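*Asks:* Take this structure first; my questions come after.
The values are calculated or read from the model by the stated rules, or taken from the named source; none is laboratory data. It should be emphasised that the depicted structure is a prediction, and the values quoted were computed from it without experimental measurement. Here the Cβ is made from the backbone with ideal geometry for all residues, glycine too, and neighbour counts use every protein chain on show. For accessibility, only protein heavy atoms count, side chains too; no ligands or nucleic acids. Shrake-Rupley method; radii C 1.70, N 1.55, O 1.52, S 1.80 Å.
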Amino acid sequence: MRVYVQVKQLGKRKCNIEKIPVDFPVPPVDVQGLIEAIVSWQVCEYNERLQQSEVLKYLTQEEVENKATSGKVGFAVNYNGKPTAEVEAITNALQSYEDGIFRIFIDDTETEDLSSPTGLKEESTITFIRLAMLSGRLW
C-alpha cells in the first residue's frame, strides 16, 4: 500500500510541504502501529546514510535553488556519526505523541489516541504537525 507522508511545523514560513511516498507491505491498523512503522523507516534511512562514504559532496545549481525554496541550503551531513537505536526512537516518538508534541492527520482527519484505527487506504495522505511550545510568563 502506498501512502504519502508530509511534515509541517507551525510557525514556519515556508509554504511548500513535500509529500514523501511510503510503501507499507502491511498497512498499520492503529496509530501506534503507524508511528512505529514510520519511525522504523526513518531510523533505517538515517542509519543507511551514515554508512555511505562521501568523499566530495557538492551541490548543483538546481539543488541550491530547490533547497533555497525550502529555507535551508545545506549538505544534510550528520557530524555526530552515531547510529540511532530504533527501540529508543520508537519509545520517544510514542511518548511525544502522548504528550502532544505533534499531531497526526490522516486525510484531513485528526487521530485521537494511540489505539484509534488509522483507516488508511491507497494514496492516503498522512500529515505530521509538530507543535511549538510557548514560553513566557504571566503578567
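*Asks:* When the range 24-38 is examined, which residues are found to be open to solvent by 40 Å² or more (accessible area, probe 1.4 Å) and either in a strand (DSSP E or B) or modelled with pLDDT of 90 or more (or both)?
*Replies:* Val29, Asp30, Gln32, Glu36 - these are the residues of the range 24-38 that are open to solvent by 40 Å² or more (accessible area, probe 1.4 Å) and either in a strand (DSSP E or B) or modelled with pLDDT of 90 or more (or both).
*Asks:* Within the range 1-23, restricting attention to residues that are open to solvent by 80 Å² or more (accessible area, probe 1.4 Å) and within 19 Å of Glu36 (Cβ to Cβ), which residue is modelled with the lowest pLDDT?
*Replies:* The qualifying residue modelled with the lowest pLDDT is Val7.
*Asks:* Evaluate the range 41-55: report whether one residue or more is within 24 Å of Val87 (Cβ to Cβ), modelled with pLDDT under 85 and not in a helix (DSSP H, G or I).
*Replies:* Yes - at least one qualifying residue is present in the range 41-55.
*Asks:* Any idea how many residues of the range 113-134 are open to solvent by 30 Å² or more (accessible area, probe 1.4 Å), touching a Leu at 6+ places or on another chain (Cβ under 8 Å) and either in a loop (DSSP other than H, G, I, E, B) or free of Cβ contacts under 8 Å to residues at least 24 places away in the same chain (or both)?
*Replies:* 2
*Asks:* Working only within the range 93-112, note down all residues that are in a loop (DSSP other than H, G, I, E, B), within 24 Å of Pro25 (Cα to Cα) and either modelled with pLDDT under 90 or open to solvent by less than 30 Å² (accessible area, probe 1.4 Å) (or both).
*Replies:* If the condition is that a residue be in a loop (DSSP other than H, G, I, E, B), within 24 Å of Pro25 (Cα to Cα) and either modelled with pLDDT under 90 or open to solvent by less than 30 Å² (accessible area, probe 1.4 Å) (or both), then Asp108, Thr111 are the ones that fit.
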